[in-house]
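K.L.:
Quick one: the structure is below, questions incoming.
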Amino acid sequence: MDHVAVAGLGNPGPKYSLTRHNVGFMVVDAVARAHGLEFSSSKFDAHVASGNILGRRVSLLKPQTYMNRSGRAVQPFLAYYRLLPSRLLVVHDDLDMEMGRLKFSRGGGAGGHNGIRSIIETLGTREFPRLKVGIGRPPRGFPVDKYVLSSFPLDDMPLLEQVIAAAAEGVEIFLEKGLDTAMNRFNGLDLRH
């Protein structure tokens with residue numbers, strides 16, 4: 001059975017749990033809950049939940065290295081299980097999309113995202129599938145680093161719940177039917193309407 005790794009990006013610890021930068025963690029948590037999988041610490045500087053999802057052997061990862069060193073957890077995991085970068089889906093926040101939007105992509109640059117930059121550097125390739133979860137840009141004059149580490153406002157919670165549920169469904173579609181189907185179904189989706 002094919003083994004696939006899904007890495008949700010975020011920062012460890014309760015103080016970051018509801019921040020915009022942690023939507024990757026939120027998505028893999030939702031996938032784990034839906035399939036009765038539990039995270040535990042591992043030797044890879046990541047919390048890992050492994051099991052069978054839709055007929056696939058899947059490992060969900062939450063790197064515990066802090067965002068800008070995400071590759072230090074992801075690369076050793078892939079190396080240990082001899083997984084190619086094409087067997088990795090990285091779920092992360094994206095400033096360039098409004099909240100309520102999702103986008104699957106085959107690869108590309110880091111787009112200013114330090115977690116993605118770290119994974120590109122450690123894997124030595126930009127070619128690995130991603131699911132980008134829009135968080136929008138901060139208001140003018142609000143520093144980006146403070147914005148991504150701030151919690152979602154209460155007003156955004158109903159939309160956030162929809163986004164996390166849709167992104168978790170997107171991960172399942174990716175696992176079951178592949179990247180092309182996931183792109184066709186979720187790219188262009190706008191949950192605000």
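The values are calculated or read from the model by the stated rules, or taken from the named source; none is laboratory data. These figures come from a predicted structure and were not determined experimentally. Positions of Cβ are generated from backbone atoms using ideal geometry, with glycine treated the same way; all protein chains shown enter the neighbour counts. Keep in mind that these areas ignore ligands, DNA and RNA; they rest on the heavy atoms of the full protein, side chains included. Shrake-Rupley method; radii C 1.70, N 1.55, O 1.52, S 1.80 Å.
K.L.:
Under 1.5 on a/c is rounded, so check that first for segment 18-58, then, if it is not, pick prolate when a/b is larger than b/c and oblate when it is not; a ≥ b ≥ c are the square roots of the alpha carbon gyration tensor eigenvalues.
P.N.:
The shape class here is oblate.
K.L.:
In Å², what does the accessible area per residue of segment 50-193 work out to with a 1.4 Å probe?
P.N.:
That works out to 50 Å² per residue.
K.L.:
Strictly greater than 20 Å: what percent of every Cα pair in segment 79-193 meets that?
P.N.:
In whole percent, the share of Cα-Cα pairs in segment 79-193 beyond 20 Å is 45.
K.L.:
Tell me whether segment 139-188 comes out rounded, prolate or oblate; compute the Cα gyration tensor, take square roots of the eigenvalues as a ≥ b ≥ c, and use a/c under 1.5 as the rounded threshold. Mind dumping the intermediate values first?
P.N.:
Values: a/c = 3.15, a/b = 2.14, b/c = 1.47.
The shape class here is prolate.
K.L.:
Mind checking segment 44-110 for trypsin sites (Lys or Arg not before Pro) that DSSP puts in a loop (not H, G, I, E or B) and that have at most 16 other Cβ atoms within 10 Å?
P.N.:
Taking segment 44-110 and a limit of 16 other Cβ atoms within 10 Å, the loop trypsin sites (Lys or Arg not before Pro) found are 82, 106.
K.L.:
Looking at the P(r) of segment 31-103, how many percent of alpha-carbon pairs lie beyond 17 Å?
P.N.:
When all Cα pairs of segment 31-103 are counted, 51 percent exceed 17 Å.
K.L.:
Please sort 44-50, 16-22 by packing, taking for each peptide the average over its residues of neighbouring beta carbons within 10 angstrom, highest first.
P.N.:
Values: 44-50: 21.4, 16-22: 19.4.
Top of the packing list down: 44-50, 16-22.
K.L.:
Would you work out the relative contact order for segment 1-84, in percent, from Cα pairs under 8 angstrom that are 6 or more residues apart?
P.N.:
RCO, segment 1-84: 35 percent.
K.L.:
Mind scanning 62/177; 43/103; 103/177 and naming the pairs with a C-alpha gap bigger than 19 Å? All intermediate terms of the calculation are to be shown ahead of the outcome.
P.N.:
On the way: 62/177 23 Å; 43/103 31 Å; 103/177 16 Å.
Checking Cα-Cα distances, 62/177; 43/103 exceed 19 Å.
K.L.:
Here's something else I'd like to know. For segment 90-193, which whole-number percentage of the solvent-accessible area (1.4 Å probe, protein heavy atoms only) is attributable to carbon and sulfur atoms?
P.N.:
49 percent
K.L.:
Counting only residues 5 or more places away or on other chains, whose amide H sits under 5 Å from the amide H of residue 47 once H atoms are built in the peptide plane?
P.N.:
Those qualifying (amide H under 5 Å, at least 5 residues apart or on another chain) are 62, 64.
K.L.:
Next question, about the same structure. Pairs of Cα atoms under 8 Å, at least six residues apart: use those to get the relative contact order of segment 105-180, whole percent.
P.N.:
29 percent
K.L.:
Considering only protein heavy atoms and a 1.4 Å probe, what is the carbon-and-sulfur percentage of the accessible area of segment 1-89?
P.N.:
Details: 1880 of 4050 Å².
Looking at segment 1-89 in its full context, I get 46 percent from C and S.
K.L.:
I've got another one for you. Taking amide H positions as placed in the peptide plane 1.01 Å from N, state which residues far from residue 6 in sequence (5 or more) or on other chains have amide H under 5 Å from it.
P.N.:
59, 60, 61, 89
K.L.:
Beta carbons within 10 angstrom, averaged per residue: use that to sort the peptides 134-145, 171-182, highest first. Show your work: numbers first, answer last.
P.N.:
Working: 134-145: 12.7, 171-182: 17.2.
Top of the packing list down: 171-182, 134-145.
K.L.:
Further question on the same structure: Could you work out the Rg to Rh ratio of the chain, with Rh taken as the Kirkwood radius (inverse of the mean 1/r over all Cα pairs)? Show your work: numbers first, answer last.
P.N.:
Details: Rg = 15.2 Å, Rh = 16.3 Å.
When Rh is taken as the Kirkwood radius, the ratio is 0.93.
K.L.:
Could you please state, rounded to a whole Å, how far the C-alpha centre of segment 11-48 is from the C-alpha centre of segment 136-159?
P.N.:
Value for the Cα centre distance between the two parts: 20 Å.
K.L.:
If you don't mind, there's one more thing I want to ask. Does segment 67-146 come out rounded, prolate or oblate, given a ≥ b ≥ c as the square roots of the eigenvalues of its C-alpha gyration tensor, rounded meaning a/c under 1.5 and, failing that, prolate meaning a/b above b/c?
P.N.:
Working: a/c = 2.77, a/b = 1.81, b/c = 1.53.
It is prolate, given that a/c is not under 1.5 and a/b is the larger ratio.
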